[in-house]
Amino acid sequence: MASRAPLVFAVLLGALLWTGLPGVPGGTTAFATSPAVEVAREEEPQGSGYREVVETTESLPTQGDLKATMRVVTLVPTRGYTPIQVTVHNNGGQPRPVRLSIHSQGRVMERSLELGPRERTVTWLLMPADLQSGSLHLDSPGMDTASRGFYLDSYRGARVMVLGDVKAFEAATGLSRAPENLEPLVATRFVDPRTAPRELAAYAGYDAVLVAVPADQVPDDVWAVLETFAVTGGKLALDQPPANPRLRFPLLQDEKAELSPYGFGFVRQFRDCRKQAPGCGFNLWEDTTRSPAVVVPAGPPPRWERYSMLSDGRLPLLSSARAPVGRFMLLIFLFVLAVGPGGWMLARRKGPLAVLIAVPTLALLTSLGLVAWSVLVDGFSVHAARYSLTLLDRERSRAVTVGLNAWYANLAEDSVRMPASSVLLASESSTGQEDPPRFLDWTNGLVVKNSFLPSRSYREWGEVAVVSSRARLTAHKTDGGVQVQNALGAPLKGGTLKLDGQLYVLPELADGAEGLAPPEEAEAGEVDLLGLEHEPRMRFQDAVAPLIQELEDGAFVARLGGRGFTPTAALDVELDAALHVVRGQVEEARR
């Protein structure tokens with residue numbers, strides 16, 4: 001037997017080498033691969049199927065006729081706010097006021113309701129996406145506070161909200177549940193379209209929203225919110241598009257197109273993808289990989305890296321947010337000279353007692369100088385730099401705006417109000433906000449209270465909003481150019497107008513003033529339509545694309561000053577910088 005051992009070992013070694021050869025069935029792949037194969041591998045998604053975030057219904061320990069349940073283990077969106085579904089049922093015969101609130105890490109999000117007799121309502125509380133857990137409290141007169149803790153699902157891949165159920169989603173996308181050991185293409189959260197949220201903030205944080213049910217199963221007010229979601233930069237997919245899509249999405253250029261730009265976002269209709277491989281689910285995943293946010297405000301640097309730059313090496317948009325180090329160093333240098341050599345000379349001439357009096361006096365004067373600088377230069381007002389990109393929808397008298405605001409206040413600004421058709425976006429920096437707002441009231445839109453702007457700190461907020469607006473630019477051709485009237489509600493700083501195939505330069509005009517726009521001498525491709533500096537432009541990412549497209553006849557791009565079109569424009573601030581780029585269709589003046 002011992003003599004056969006080398007022979008058996010040789011046979012086994014040969015078999016292993018044979019199965020390890022490239023090109024042999026069961027063997028290993030070759031080390032060298034063609035470039036085409038490598039490119040194909042790079043284009044393939046790194047996952048398959050989908051992951052369903054299963055939500056469970058939990059009851060609150062209420063008393064009497066009031067019953068309440070909540071849906072927990074909810075999928076947290078990429079940014080913005082996580083909508084938490086709460087159902088409240090008043091079994092009694094009398095109206096009952098109810099206050100729902102979520103408490104998490106010292107922050108409170110609340111909504112107040114008024115339930116009629118035997119009324120059952122489904123409502124939503126929205127909590128910032130940086131929070132992963134909390135405790136829901138229910139308060140009503142005559143009963144003790146009922147509460148229940150919960151945790152959220154913090155999956156970090158592509159996240160999709162689906163209006164519909166699992167069966168409708170699988171039929172629409174062709175995707176199946178991904179095995180536990182494989183990364184899914186998307187993670188999904190399923191919402192009943194009849195009780196879906198009516199606030200834009202509930203959708204804005206998800207990478208895409210899919211309507212997986214027929215159009216007639218979605219209420220009209222939900223369709224209105226979904227249209228607002230798409231036009232302000234969202235990725236909306238429709239499994240069964242309406243018979244006339246323009247009734248729901250009036251800005252569609254081609255109602256039969258598979259993928260259509262829509263304002264700052266996109267609308268996808270599942271049509272040809274049903275007949276093509278790999279199917280509509282792959283297209284939905286592609287949509288989630290597009291630019292994730294239309295505006296990305298910068299966050300603060302880590303606490304151990306305090307310098308003039310913000311996170312990711314960005315610079316503040318406000319010069320007042322940077323301490324005047326040079327002037328302060330000069331003042332301190334003069335103080336050192338006065339205390340050091342000056343004190344020695346004073347001691348020789350007047351004696352030690354004079355030094356004991358002079359040094360505290362100089363220290364007091366230096367401190368008063370620093371305080372005077374803060375009061376006289378920074379003042380007690382809120383300083384702001386405001387930038388925005390706006391698409392004017394003249395037919396529907398509305399302005400679709402993506403805004404970026406940089407703030408600095410010596411004294412804290414506590415409160416700001418946002419309508420339901422707008423979203424206030426915080427920085428997505430890994431360091432998070434310093435001293436984030438501690439109280440959010442969602443009863444009628446959003447009211448931010450406590451620490452919207454902390455004192456003596458720099459903060460950036462992003463905004464997306466659709467607001468009513470009658471802003472317009474009127475024009476008529478005349479000798480030497482085009483006579484324009486600025487009715488945009490802010491000072492006109494310049495811009496470009498295209499009329500009858502010719503480009504014209506918009507002049508600087510006060511609000512309500514008229515002026516002559518001469519012909520543009522540069523070619524269409526050479527004109528800088530935005531005029532934004534590098535720092536604010538980098539924060540807008542792909543939101544600039546709809547404004548820099550080639551102008552069609554009758555279109556204009558105007559650069560405005562003032563406070564812009566977003567809801568925070570109502571705040572009383574001292575503008576250090578402002579630029580608002582507006583694109584729309586000119587209104588021809590009647591003569």
Study note, to complete from the structure: Counting only protein heavy atoms and rolling a 1.4 Å probe, one gets per residue an accessible area for the stretch 472-585 in Å² of 45
Point to revise | Inter-label distance for Ala577 and Leu331, nm, one decimal - labels placed 7 Å from Cα along Cα-to-Cβ | key: 2.4
Review point. Amide H to amide H, which residues 5 or more places from Thr74 or on other chains are under 5 Å from it, using H placed in the peptide plane?
Key: Asp153
Practice item. With a 1.4 Å probe and every protein chain kept in, tell me what percent of the accessible surface of the stretch 48-290 is carbon plus sulfur. Key: 47
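Please arrange Arg189, Arg271 by accessible surface area, largest first, computed with a 1.4 Å probe and ligands excluded.
Values: Arg189 0, Arg271 65 Å².
These residues rank, largest area first, as Arg271, Arg189.
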Exercise for review: For the stretch 48-290, report the accessible area per residue in Å² (1.4 Å probe, heavy atoms, rounded to an integer).
Suggested key: 40
Revision key, fill the gap. The stretch 551-591 and the stretch 129-157 have their Cα centres apart by a whole-number Å value of 41
Review point. Can you list residues whose amide H is under 5 Å from Phe439's amide H, if they're 5+ apart or on another chain and H is modeled 1.01 Å from N?
Key: Val108, Lys449
Check your understanding: What list of ³J(HN,Hα) values in whole Hz, one per residue of the stretch 539-550 in order, does the Karplus curve 6.51 cos²θ - 1.76 cosθ + 1.60 (θ = phi - 60°) give from phi, with Gly and Pro shown as x?
Key -> 7, 8, 6, 7, 5, 6, 4, x, 8, 9, 5, 4
**Study point:** For the stretch 195-209, 3J(HN,Hα) per residue [Karplus equation, 6.51 cos²θ - 1.76 cosθ + 1.60, θ = phi - 60°, Hz, x = Gly/Pro]
**Key:** 10, 4, x, 10, 10, 4, 4, 6, 10, 4, x, 7, 5, 6, 10
**Study point:** HN-Hα J in Hz across the stretch 156-165 - Karplus 6.51, -1.76, 1.60, θ = phi - 60°, x for Gly and Pro
**Key:** 10, x, 5, 10, 10, 8, 10, 8, x, 10
Exercise for review: Hey, can you grab everything whose amide H is under 5 Å from the amide H of Thr82? Only 5+ residues off in sequence or another chain; H modelled, so Pro and N-termini drop out.
Suggested key: Met127, Ala129
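So for the stretch 48-290: antiparallel DSSP bridges make up what percent, rounded to the nearest 5?
Numbers: 42 of 63 bridges.
Antiparallel: roughly 65 percent of the beta bridges in the stretch 48-290.
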Exercise for review: Kindly sort His89, His580 by accessible area of their heavy atoms, largest first, with the probe set to 1.4 Å.
Suggested key: His89, His580
Practice item. Would you kindly find the accessible area of Glu460, with a 1.4 Å probe and non-protein molecules such as ligands, DNA and RNA excluded, rounding to the nearest 10 Å²? Key: 10
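The values are calculated or read from the model by the stated rules, or taken from the named source; none is laboratory data. Everything numeric here is computed off the predicted structure, so don't read it as measured data. For neighbour counting, all protein chains shown are included, and Cβ atoms are generated from backbone atoms with ideal geometry for every residue, glycine included. The accessibility values were calculated without ligands, DNA or RNA, using every heavy atom of the protein model including side chains. Shrake-Rupley method; radii C 1.70, N 1.55, O 1.52, S 1.80 Å.
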